[in-house]
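Every number in this text was worked out from the coordinates using simple rules, so none of it is lab data. Since the model is a prediction, treat every value here as computed from it, not as a measurement. Please note: Cβ atoms are built from the backbone with ideal geometry, for glycine as well, and neighbour counts cover all protein chains shown.
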Amino acid sequence: MLRRLCLTIGLMLVASGPVLAETGPYIGFHGGASGVDVSVDEGRLRLESSEFAWKAFGGFGIGRFVALETGYVNFGSASERIAGVDLEQKLWGWDTAALLKLNLGPVDFYGRLGGIYWKASVDIGNELAVSTDGFDVNYGGGIGVILGKVSLRGEMVWYDASDVGNPWLASAGITLGF
């Protein structure tokens, strides 16, 4: 875990060096869908969120090509009925990432790499409730359309959190620059 934290911090510091023009803060909100892939015996089970997944974040653009973001992610509640037993997982966390952007006119393409401190609760039937937390790496990418100080974005992010089924979040939303 310490190795992952050091790697995440190192990559964020390296990524923040290029181009120091057109800086500025922004806030945003995304909504979408999430899921987890849980290992069960020899196979895998995909739990799709039955609720609206969302994230609220703030960031700071460091030039045209780099941004740093942090915010709260709520993956909703993923559930499934297996062999007559209800399985439900709720997952949320604090996410931080460096974004490396490619600007093509009013369109931004970006990749992201960072970390998330997550918390999860799992209910298995009416018999067992377990809570856990951890820190893991996240990565993904997206596309944004810039409309002045407003940007419309869509992105896909994967979280390397095998303890809770390697969750993912597909979302779209809006950012507002200052």
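For this structure, a couple of remarks:
- ALA83-LEU152 pseudo-label distance in nm [points 7 Å out on the Cα-to-Cβ vector]: 4.8 nm
- Theoretical FRET efficiency, 1/(1+(r/R0)^6), r = Cβ-Cβ of PHE60 and ASP163, R0 30 Å, to 0.05: 0.50
- Only lysines eight or more places from LYS55 in sequence, or on another chain, were considered; those with a Cα closer than 18 Å are LYS90, LYS119.
- Label-zone membership for segment 51-81, site ILE143, 7 angstrom Cα→C-beta point, backbone N under 12 Å: none
- Under 5 Å between amide hydrogens, built in the peptide plane, is the criterion, and for ARG64 it picks out ALA21 among residues at least 5 positions away or on other chains.
- Using the average count of surrounding beta-carbon atoms within 10 Å as a protection proxy, the listed peptides 73-79, 107-113 rank, highest first, as 73-79, 107-113.
- Integer Hz, Karplus 6.51/-1.76/1.60 couplings in order for segment 120-130, x for Gly and Pro: 9, 10, 10, 10, 10, x, 9, 9, 9, 10, 10
- Note on SER131 and LEU102: the model spin-label points, each 7 Å out from Cα along the C-beta direction, lie 4.4 nm apart.
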